[in-house]
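Below is one structure, written out as structure tokens; the observations come after it.
The values are calculated or read from the model by the stated rules, or taken from the named source; none is laboratory data. Because the structure is a prediction, the values reported are computed rather than measured. Glycine gets a Cβ as well: all are built from the backbone with ideal geometry, and neighbour counts include every protein chain shown.
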Amino acid sequence: MKVRKRKLQVGDELGVEWERWADGQAWRLKRKRDFGDVDPSLAIEAAKNAARRMGKGVQVVRDRQFPEKYIWLQFADGKIRAGEPCPCGSRRLLRLHTHFVKCPECGAMLLQGQPGDADETDSRPALRLGQVKGLHLARLGRTGDVDVYRGYGEKDVGPVLVLAEFRVDGAEQELSPENALERADRVVTIPLEQLSDLFDISAFSDSAASHWDLVF
């Protein structure tokens with residue numbers, strides 16, 4: 001089957017029964033097995049179409065290590081903009097992690113958009129982080145409720161400097177490749193060639209393995 005590159009028509013869900021994964025849990029879906037032999041970007045659009053049909057919110061991104069094979073998605077009972085109350089009217093919302101909140105009044109889990117997001121169903125920091133391959137990060141310290149990291153990786157433009165902030169969750173779990181995407185709060189990438197006049201960029205890749213707190 002030829003991979004389709006075009007965008008889907010409004011409402012097209014690729015013939016997938018998305019309700020199977022609309023239980024509020026995070027799911028990793030595989031190309032061919034779960035959503036057909038199409039580019040994962042089309043599956044992402046199809047999942048958003050399904051969320052609109054079901055009146056739900058959905059966070060869906062490509063898998064970082066196998067972006068051409070897998071996507072991660074998680075449906076919520078609904079979605080709200082930053083600053084909005086729960087549809088039940090309650091303004092007391094408990095944050096589960098960066099993009100999801102829970103209403104203690106009605107029990108709904110909601111996808112909460114961030115100010116300035118072009119599409120509030122996307123996790124922009126997670127998407128930016130997922131675009132970086134061969135990621136090496138060293139922890140610089142903690143500022144408020146985020147851990148700050150710096151390092152390097154590879155994108156289509158070549159080697160990039162990566163500045164990333166990860167939200168500290170209530171359980172104080174150690175940051176790992178498995179939870180980095182959902183905890184990403186801010187991600188900035190800068191092509192290293194733009195910084196070559198400032199410092200020796202080879203110092204990043206030449207650093208000993210022990211220098212890096214996260215490698216994935």
Check: Just one of 43, 76, 26 is touching a strand residue (DSSP E or B) at 6+ places or on another chain (Cβ under 9 Å), free of Cβ contacts under 8 Å to residues at least 40 places away in the same chain and surrounded by 11 or more Cβ atoms within 10 Å (Cβ to Cβ); which is it?
Finding: 43
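Would you mind finding the one in 75, 35, 66 that is hydrophobic (A, V, I, L, M, F, W, C), touching a helix residue (DSSP H, G or I) at 6+ places or on another chain (Cβ under 8 Å), part of a loop (DSSP other than H, G, I, E, B) and outside the structural domain of residue 136 (by TED's automatic domain parsing)?
That would be 35, the only listed residue that is hydrophobic (A, V, I, L, M, F, W, C), touching a helix residue (DSSP H, G or I) at 6+ places or on another chain (Cβ under 8 Å), part of a loop (DSSP other than H, G, I, E, B) and outside the structural domain of residue 136 (by TED's automatic domain parsing).
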Margin query: Would you confirm whether or not region 10-26 contains a residue that is more than 20 Å from the chain's Cα centre (by Cα), within 29 Å of residue 153 (Cβ to Cβ) and assigned to a loop (DSSP other than H, G, I, E, B)?
Written below: no
